[in-house]
Every structure is written in C-alpha cells, then in structure tokens.
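Enquirer: Supplied in structure tokens, the structure appears directly below.
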Amino acid sequence: MKINKLLLACLIATTVLGAAGVARAADVRLFVRHEVADYGVWKKAYDGFASAQKKAGVIYQAVYQSTDDPNDVTVIHDFHSLDKAKAFAPSPDLKAAMEKSGVKGAPQIWYTTKGAK
C-alpha cells in the first residue's frame, strides 16, 4: 500500500515538474485574439489543428475565452524561436483553418518574450 502511494506521488511530481519545464523552455509566446461565430465549432476545429501546430514548432498552447463574451477568444502558442512563431502566424494552412472554423475578421496578433528579472 505504501509503495502504491509512493509511486502515485512520484508520478504526480514528475507530471507537475515536466509541465513546468515546458513552460519555462519557451522563448517566445504568440498571442492571437479573435472573435469566432460559434465557440464550440471553433474549438473542435482548433483541436483538430493540433498536429499542424506541433509540426510548426508549438511547444505549448492554451485557449482563453473572455468573461464577457465566450466567442471572444485568445490563444497562446509558445515557441523556441521568434522565427518559428513568425512563420506559423501567417501560414496559409492556419489562415484556411481559421476561415473554416468561423473566425470573424482579422485577428490581433502579437509576440512576447519573457521579461528580464
């Protein structure tokens, strides 16, 4: 019984530390904010684009919805380089996926790096 608890604790610690390592590894964060016609439809299409994100160098991603409007969406994508981030944002495949998923209008896009301590 004690061994099972110890193994579970090790698994949890490894998962938490591994996730923190990915977040720390990012050198560039790409933010994209846009309005979508229907969040559910958009999210399904977004999730279906995960393999293309990974192939383009995305090492972490997250989706946020406005507290005032669930169709006002902001996504973040982390990359190891600005070049990869800047190549991903205007890619024709991403543009086609966004149009197909119901993105309304032009998205707001910006890049950040972690501030100095």
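Read-outs throughout are calculated quantities, based only on the coordinates presented, and are distinct from any laboratory measurement. Since this is a predicted model, take the numbers as computed values, not measurements.
Enquirer: Past 20 Å, Cα to Cα: identify those pairs from K55/K95; K44/K86; K54/K104; K43/K104; K55/K114; K43/K84, in the order given.
Expert: K44/K86; K54/K104; K55/K114; K43/K84
Enquirer: In 10 Å bins starting at zero, report the fraction of Cα pairs in segment 26-112 per bin as a rounded %.
Expert: 18, 56, 25, 1
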